[in-house]
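Peer 1: Could you have a look at this structure, given as structure tokens, before my questions?
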Amino acid sequence: MAKSKNPTKKKPQKQRGVDFKKIKRKIGRKLPPPKNATNTEIKSKAIVLPEQSVASERAGLAVSKKGLTLKELLQQTSHYNAKVRKDALIGIREVLLKYPEELRLHKLALIEKLRERITDEDRVVRDTLYQLLKLVIFPQSKEEISGPFTSLMMAYIFNAMTHLAIDIRLMAFKFFDLLVEHFPSSFLLYAEKVLQNYEDILQKYHIYLQDKSKLKNTLVGLVHCLSLLPSTKGELKKTSDDKRLLHAFEDEAPRETSGVSSIVKNVEDLVPVLIRCFQELTPSVRIVPLVDVQSYECMLCVLQSIDLAVNFFIYVTSKREKGFESSVPCIYKESNMKTRRQTSMPMLLKKLLDVFPLTPCNGSSEKDGDRYYVLNVGLVEVFLHFGELLAAPSDLLERIFEFLESSLSGQIYSVTRSSKALTEKHLVRLLPFIPKIVSKVESNWKYRLLQAFTKAFKGCKPESSLSLACLRAIEDMLIPLEGQDMLLDPSDAVVVGNQITWIRELPVLLVQLGDKHPSFSKVVLHLMLHLGQCAPLCNFITWEYDNMQQLFRDFFCRFLYKSEGEGHVEYGPFVVLPIECQELAICSLYYFSKLDSLLLSSLAYCCFRDRLDPFVLLRLIEILQSSYKAGHTQIADLISFFATLLARFRVYPERRDYVFRIKGENSNYKTFEAITSSVCSCLSQIGDDVLVLQLIQNVILHEMSQKPPLHNSCAMLRVLALLDSRPTSLSENNIINFANLMVNYLIGFAYCIPEKKDDCIDSDLISATKYYLIPCFVLFSKSDKLLNCILNLMGASVAYIRAGLPSFDGVIPAFDHSGRARAIAFVLVRMHEDMKLHKSLSACKAEIMHILHCFRHLQSNKVGLGLVERQKVQLAFDQVKTTIDRIHGWNDNIAIGIAGVV
């Protein structure tokens, strides 16, 4: 029987593997990293070095604030980022300012790299480069290297002038203007191309230069360029560009200047463009009630450019007259002159002057009125420069003359002071044309313009530019050119009346100018000198020139008197003006037909001023001597001037111990010596010495009686010694008077000599003794009576000491008896040492013996001298006694005389 199955027993199930275990995650818990994740954590340690290698390599190098060298900065100037380029230029500026030697070493390399930024698209970079060149590089560059320097720059400047971007083109003109400002000699090398570019951009200014500020900047640059062209106001400076420093730049720089002839055509083509530009700008200042300031400034620049171009044509025309035909513009060539003048320049100027005068609209401000006036001055200046005065239409001439008259007379002035100053400033530009105008126009306008001119001259400030311009115009109307007649008719009473007014204003103007405006004073003095030189050509000028003396005197000095009769001297501007002005003033004195004595007195007082230069003093003496020879100065006045000059000229320092030490830098002794020599030379050339001595001896006697210093007395005695003869020409009374003065002079000089020779150099003592005593000895040799009087006065002076009486001569202290005795002994010894006086002294034995007896008596106690004083007197007596014994052999007589006294 089969077993039955147990239904309760089950077979166990086989377990299967799990691929992924499902993990239940709670929200917000961070997932753990997978088991196969790579650990990216890096651990490192710092490496400490003693120094940075880059910093050590740059030590001592020229670097900017950011630590960059010049080479690195130059590389960064080509960076694609504009800010980096700008910062590089700033860094270059820092390096060059801190290390100037870098610019000297790498100047051409710098320019070669920096010039690339001229056409930089970024405006800030271009401006930074401009400032770098203007403030750092160009000022430290020299004109001598302008050849390679400018050739490097001009290649990129010309490239920029033809750039598509208008801002770059305009900036190129600024770079060229800057280059020419520092290297003006290079202008003519590139003027042709530059003027062509100016013409091109101005022809289309309404397209390129809609902004008036850009047009103004362009015109300002053009004005500067045209001002460098040669003109009648200044000759062209020769360039020195032929000297090449580096052969590498020879091909870039032109070998020769293209010259003026190549520029003439460009300037001719430029003038019509400028006139058309002016015409198109005119409505902006005429139609509208308020003047457009930018348009006004542009019009001013246009007028300046046209005026400079006309001046250039005048210069070229003058060259044609000297044989330079190739340099003449076609409008001035002889073969085409007539037709050209009828169709070219006159027609263009007529278009320009059709708007003259520009008048303000109703209700215009004062500033607008001033602007109209300035524009009108510019228009008139252009017309007058062209020189077609008589060929102009009569209505245009009337308008121009009315404008000139109203400007000169002040009728066009506004009420404000600033407007008047501006009007005078611009009126100066028209004054140079006044002489030519009044010499050619008819009488009616001639008289009106002269009267207006005189009013302007008298009404302007002495130190103003208008006054200076008037003086130059006056010179043209008063002084004829060499070999020509006077510009104005000297027989016309109205003309002469105005000229007399001008002449009389000149000395007044000098005093008004004072010493604060020496350049203006120099112009006035030049004019006065020229008037004096041409005075013989015209009678009324001679008369008026002589009448100027009274007013001219105040220019030197004037005498102010008080009510009591006393007064003082007030010096004029002459003594403090520069030497050039002083010389012009004293040269003008020669042309006075009769020099006034009061004017000579003023000149003498000026000579006493310490600040007057020695050259001026000697020049004045020379001029006065020449004036006397020409018969313009009286002999008495000249002698009086010379005597006063010698007597009152102050020699400093005045201390008596400086008689032998007066040759230092702080002394004017050498000047006084030169004056004395010059005066003596002039007096010896005047005529007969005896006659001159008769005229001058009383003057010198009067001056010496005032007890002047030793230097002045010595100078006057030298004059007497020069003029006197043997036998003497001095009068009897004057011999006695001179003896009284000379004895004090001799004793006073001897008293100044130090008692010890160690105080001064022997050579100084010898030269001073000769200089001060020789004039007296010369006079003694020519007059025995004068010598006898001197010896008697010396004996009387010793007798005063013997009697114990004080001396009140003012030369020696009253009770210094030993000093007086020593001084007398010194003079006696020096007299006996002069061989020319031996014979004369031998005849004065009695007087000399009397002096020795008085000396001997001083040694007794009866006189009341102290022991030291008696010793000094004994020493003086021994010196005299020894000298007399050696020369005359009077020893026995002296002994007998002394014994008799004892």
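Peer 1: Among V124, L105, G147, which residue has its Cα furthest toward the positive end of the charge dipole of region 97-152, with +1 on Lys/Arg Cβ and -1 on Asp/Glu Cβ?
Peer 2: L105
Peer 1: Taking K and R as +1 and D and E as -1, what net charge do the other residues with C-beta under 14 Å from the C-beta of D476 add up to?
Peer 2: 0
Peer 1: Provide the per-residue ³J(HN,Hα) series for region 293-301, in order, calculated from phi with Karplus coefficients 6.51, -1.76, 1.60 and θ = phi - 60°, each as a whole number of Hz, with x at glycine and proline positions.
Peer 2: For region 293-301, the Karplus curve yields 5, 5, 5, 4, 5, 5, 5, 4, 5 Hz.
Peer 1: Ok, one more. Around D485, with a cut-off of 15 angstrom between Cβ atoms, what is the net charge of the other residues, counting Lys and Arg +1 and Asp and Glu -1?
Peer 2: It works out to a net charge of -2.
Peer 1: Something else about it: Report ³J(HN,Hα) in whole Hz for each residue of region 876-885, in order, from the Karplus equation J = 6.51 cos²θ - 1.76 cosθ + 1.60 where θ = phi - 60°; Gly and Pro get x.
Peer 2: 5, 4, 5, 5, 5, 5, 5, 5, 5, 5
Peer 1: Right, next: Mind listing the long-range amide H neighbours of C557? Cut-off is under 5 Å, sequence gap 5 or more, other chains count too, H placed in the peptide plane at 1.01 Å from N.
Peer 2: G572
Peer 1: If you don't mind, another one. I'd like to check one number: the per residue accessible area of region 136-186, probe 1.4 Å, reported in Å² as a whole number.
Peer 2: 34
Peer 1: Also: Once the other residues with Cβ under 11 Å from the Cβ of E570 are scored (Lys, Arg +1; Asp, Glu -1), what is the net sum?
Peer 2: Cβ neighbours under 11 Å give a net charge of 0.
Peer 1: Which entries of K265/K350; K461/K516; K522/K594; K785/K839 show an alpha-carbon separation above 18 angstrom in the structure shown?
Peer 2: Flagged as over cut-off: K265/K350; K522/K594.
Peer 1: Name the residues whose placed amide hydrogens come within less than 5 Å of the amide hydrogen of S231, ignoring near sequence neighbours (fewer than 5 apart) on the same chain.
Peer 2: Distant-sequence amide H within range of S231: L236.
Peer 1: If you don't mind, another one. Per residue, how much accessible area does region 483-546 have with a 1.4 Å probe, in Å²?
Peer 2: Averaged over the residues of region 483-546, the accessible area is 46 Å².
Peer 1: Quick one: grab the alpha carbon gyration tensor of region 506-642, order the square roots of its eigenvalues as a ≥ b ≥ c, and give me rounded if a/c is under 1.5, else prolate or oblate depending on whether a/b is larger than b/c.
Peer 2: Verdict is rounded for region 506-642.
Peer 1: Quantify, in whole percent, the carbon and sulfur part of the accessible surface of region 143-200 (1.4 Å probe; protein heavy atoms only).
Peer 2: Taking all protein chains in place, region 143-200 shows 52 percent carbon and sulfur surface.
Peer 1: Please turn the phi angles of region 667-684 into ³J(HN,Hα) values with the Karplus equation 6.51 cos²θ - 1.76 cosθ + 1.60 (θ = phi - 60°), one per residue in order, whole Hz, x for glycine and proline.
Peer 2: So the J values, rounded to whole Hz, are 10, 10, 4, 4, 5, 5, 4, 5, 5, 4, 5, 5, 5, 4, 5, 5, 5, 6.
Peer 1: With +1 on the Cβ of every Lys and Arg and -1 on the Cβ of every Asp and Glu, and nothing else charged, how large is the dipole of region 392-482 about its Cα centre, in debye rounded to the nearest 20?
Peer 2: So the dipole magnitude of region 392-482 works out to roughly 320 debye.
Peer 1: Extension gain A46-K134, at 0.36 nm per residue separation less the Cα-Cα distance, in nm?
Peer 2: Extra length available between A46 and K134 comes to 26.7 nm.
The values are calculated or read from the model by the stated rules, or taken from the named source; none is laboratory data. Because the structure is predicted, anything quoted here is derived from the model rather than measured. Cβ coordinates were reconstructed from backbone atoms using ideal geometry, including for glycine residues, and neighbour counts include every protein chain displayed. Only protein heavy atoms, including side chains, enter the accessible area calculation; ligands, DNA and RNA are left aside. Shrake-Rupley method; radii C 1.70, N 1.55, O 1.52, S 1.80 Å.
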